[in-house]
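Student: A single structure is presented below for examination.
The values are calculated or read from the model by the stated rules, or taken from the named source; none is laboratory data. A quick note: this is a predicted structure, and the numbers were derived from the prediction, not measured. For neighbour counting, all protein chains shown are included, and Cβ atoms are generated from backbone atoms with ideal geometry for every residue, glycine included.
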Amino acid sequence: MTGLKKYIRDIPGFPKPGIIFKDITPLLKDAKAFRLAVDKLSDDFKDKEIDAVVSVEARGFIFGAAAAYRLKTGIVPVRKKGKLPFKTLSAAYDLEYGQDTLAIHEDALKSGSRVLIVDDLLATGGTTRAVIDLVEKLGAKVIGIAFLIELTALKGRDKLKGYPVISLIKDKYC
């Protein structure tokens, strides 16, 4: 779609055998490609009155923070359980090679806030589904979800039905 796929490097066997890790560092170090990615992740939402961008550690923070800046809003971090310093809500989820728990500060979003979720990668959809659950527990509304990369073979989009989802790079290999 955007010519960005050439900036993604495949690393077979990382973090464990059978996984093909999508290395985004070539895209991050290229100013033009990074700017294009952030612009494309934000474009569909610039007129949607977004109150906050919610993003997941660690690589999602990079794109989430840049999108929040472009959309003139704040960023709300979602981190692994035990990493946030204040009172939190948490949600457990399955990922493509295990299980984990995510947390958000209980005062991170006001009820009725309009939220854009931004992350670097959509795989099985478990992480994003957990983020949606956390956002909605706080009474906020998910206006859209934006990913740099979508691994289509893993059908993660199926867990996100009912929400507007964009992904800049679709890759069947994972």
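Student: Tell me, which strands (runs of 3 or more DSSP E) wholly within segment 63-174 include 2 or more residues that are in contact (Cβ under 8 Å) with a residue 40 or more places away in the chain?
Tutor: Because the criterion is at least 2 residues that are in contact (Cβ under 8 Å) with a residue 40 or more places away in the chain, the strands (runs of 3 or more DSSP E) in segment 63-174 that meet it are 88-95, 98-105, 114-122, 141-151, 165-171.
Student: Taking segment 37-57, which residues are closer than 17 Å to LYS170 by Cα and either outside any helix (DSSP H, G or I) or out of contact with any strand residue (DSSP E or B) (no Cβ under 9 Å at 6 or more places or on another chain) (or both)?
Tutor: Answer for segment 37-57, where residues must be closer than 17 Å to LYS170 by Cα and either outside any helix (DSSP H, G or I) or out of contact with any strand residue (DSSP E or B) (no Cβ under 9 Å at 6 or more places or on another chain) (or both): just VAL38.
Student: Taking LYS32, is it out of contact with any Cys (no Cβ under 6 Å at 6 or more places or on another chain), more than 26 Å from ARG79 (Cβ to Cβ) and among the basic types (Lys, Arg)?
Tutor: yes
Student: Sticking with this one: Please count how many residues of segment 105-122 are within 13 Å of VAL142 (Cβ to Cβ) and either at pLDDT below 95 or surrounded by 12 or more Cβ atoms within 10 Å (Cβ to Cβ) (or both).
Tutor: 8
Student: Any idea which of (1) at positive phi; (2) modelled with pLDDT under 95 is the one LYS72 doesn't satisfy?
Tutor: The number of the failed condition is (2).
Student: How many residues are within 16 Å of ILE75 (Cα to Cα) and either buried (at least 19 other Cβ atoms within 10 Å of the Cβ) or among the hydrophobic types (A, V, I, L, M, F, W, C) (or both) if we restrict to segment 129-147?
Tutor: Count: 11.
Student: I'm checking my understanding of the structure. Among residues of segment 148-163 that are farther than 15 Å from TYR93 by Cα and of a type in the set (A, V, I, L, M, F, W, C), which one is surrounded by the most Cβ atoms within 10 Å (Cβ to Cβ)?
Tutor: Here the answer is LEU148.
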